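Nothing in this text is a laboratory measurement; each read-out follows from the coordinates by a stated rule. What you are looking at is a predicted structure, and each value in this text was computed from that prediction instead of being measured. Note that each Cβ is placed from the backbone with ideal geometry, even for glycine, and that neighbours are counted across all protein chains shown.
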Amino acid sequence: MKRGIFLFLVCFCLVFSGVVGASEEKPRYGGTLVFGRGGDSVGLDPAFETDGNSFMVCDNVYEQLVAYADESTDIIPGLAESWEISADGLTYTFHLRKGVKFHDGTDFNADAVVFSLGRQMKEKKVKFYKTQWEFPKDQPPPEYWLSMNMDDIIDSIEAVDEYTVVFKLKRPEAPFLANLGMDFASIVSPSAVLKYGPDFKSHPVGTGPFKFVKWIKDDRIILEANENYWDGRPYLDRVIFRVIPDNSVRFLELKTGNIHICQFPNPEDIALAKKDPNLKLVSQPGMNIGYISFNHTKPLWQDKRIRKAIAYAINRKAIVDNIYYGLGTVAKNTIPPIMWGYNDCIIDYPYDPEMAKKLLEEAKFFEKLKEAGQTKITLWSMPVPRPYNPNGMKVGEAVQADLKKVGIDVELVTFEWGTYLKKQREQDPSMDLFQLGWTGDNGDPDNFLSILLDGYADPNVRTQWKNLEYHEIITRARMTFDKEERIRLYKRAQEIIHEEVPLINVAHSLVIWPMQKKVMNYKLHPTGSVFLKRVWLAE
């Protein structure tokens, strides 16, 4: 399977190599870039958001101690110029950049780091150097922090002087440094957080290349260049993130020149973009997974034979061919094949409706459905396109038709995106199956296998699947710095997923975004982040 993916990508790159060739033009300052996306942000306080539409704006307003290199998950300096890790892996010392200012004019320093991360700690074992900030009391749960088990990792955070921060860990944690490059670890202005309180999510203040200007809900978010940015003023004067929910309308807005970049076009629009002399395509193999999972808090889904039956009943290849238009691959594992630790020895479940019927009968599914007081099941389908799923409702309709063939009636349910995420997190009892997905944050398998599936780790893990052997394997893998041992453990974890079917892996997509040819130096990132500080517009 790996070889097939490789050949597909090579052929794809050859087809489009003439379209996205590097420009020799000199970068120019000025202009407004309009980014067309499928949904609005939920909020702009990165400690309390979990969705990509929020993070893509945060990517340009905030920064972290460490950063990811262009087009990779290699760790490079961010707001920390350098760092040291103790021999036992329990002490991380970060040396911060001097002279950096937040957008509100206040100083970035060690106390700001302690405040930004300390406010997310359950037990706030922190020490400030100079300013004794009071932590907000009226804040929502820091869901990302919790799902990353950060309270079980970090023991204390101390500002030992104005530009030095020391993290003491409770245990060795191999992905820790990579975790600090993620959006939830963004450094925020303490003054602004305390000034705006809960409304800080609508008045973001960071140190990044762009400053927040205005948010018209469900329409647009406007940013402007940070003239005093420590790493040099960005080329663009302004960035506008426009909300255009319909994929076809969004692509038409690109063709007519009203937006510069079209996020998540319909796959069938890719061929049209290729033929348009004013457009180009930028692509990258997706570090992602689109999946369908079960409500594991309901007795109906406790029998793995029933979960396997659903896996056999869904024609995932037809979904990839007809909804992804082949711009992806059927997923047999939860982590993508481009990631280290991928278990290629696993043999995927084929499309086999007869086997599905056999397992449903063995497990007495329809009797259990009646006992639950149900005549049908629900499938929650995403209302917005995402990198891992171009059209949630179309996928839902395909699954609905497949399950009908094995005798299961399915009702499709959807909500506004923020409501969908909230209600799914709460494991609404009316939910039987749900669609979601993931784009990796840091290039580490733990960022998929722990966050998506280890229900023992935290109640914020979306599947809430609980398997003790799996939990112990994931915990051991995080605590060793021996990469070969981590690979062995992660391969075993994937075997457990395959056998227990806590979710159905649907597809890994190829991420392709059309844009106007005048957009220069835009680079897709494997984490799905949208970095615009080095993007410029040609005349």
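Annotation for region 332-423: trypsin sites (Lys or Arg not before Pro) lying in DSSP loop with at most 14 further Cβ atoms inside 10 Å of their Cβ are K364, K376, K405. Within the straight-line cut-off of under 17 Å between alpha carbons, the aspartates and glutamates reachable from K124 are D111, E134, D138, E143, D151, D152, D155, E158, sequence neighbours fewer than 8 places apart in one chain being disregarded. With the biggest extent put first, the Cα atoms of region 288-511 measure 50, 36, 35 Å across the principal axes.
Cross-link partners for K364 among the lysines, with Cα-Cα distance under 21 Å and sequence neighbours closer than 8 places in the same chain left out: K298, K304, K308, K376, K404, K405. Among the GluC sites (Glu not before Pro) within region 212-314, those in coil by DSSP and having at most 10 neighbouring Cβ atoms inside 10 Å are E227.
Distant-in-sequence amide contacts of A507, defined by a placed amide H-H separation under 5 Å and a gap of 5 or more residues or a different chain, comprise G290, A331.
A straight Cα-to-Cα reach below 16 Å connects K26 with the lysines K517, K518, K533, residues fewer than 8 places away in its own chain not being considered.
For the residue pairs K394/K466; K127/K170; K466/K491, the C-alpha atoms sit more than 21 angstrom apart in K394/K466. Averaging the Cα positions of each part gives two centres, and for region 450-478 and region 236-290 these lie 36 Å apart. Placing +1 on each Lys and Arg Cβ and -1 on each Asp and Glu Cβ, with no other charges, gives the chain a dipole about its Cα centre of roughly 860 debye.
For G328, the residues 5 or more places off, or on other chains, whose built amide H falls under 5 Å of its own are L510.
Here the sum of -39500 (n - 2.57) over DSSP H runs of 4 or more residues, divided by the residues of the chain, equals -8500 deg cm²/dmol at 222 nm, to the nearest 500.
Of the beta bridges in the chain, as assigned by DSSP with both residues counted there, near 80 percent are antiparallel.
Roughly how many Å is it from the Cα centre of region 294-365 to that of region 72-147, as a whole number? Spelled out, the Cα-based centre of one part sits 41 Å from the other.
The charge dipole of region 60-198, taken about the Cα centre with unit charges on the Cβ atoms of Lys, Arg (+1) and Asp, Glu (-1), comes to about 480 debye, rounded to the nearest 20. The chymotrypsin sites (Phe, Trp or Tyr not before Pro) of region 154-256 meeting both criteria, a DSSP state outside H, G, I, E and B (loop) and at most 16 other C-beta atoms within 10 angstrom of the site's C-beta, are W230.
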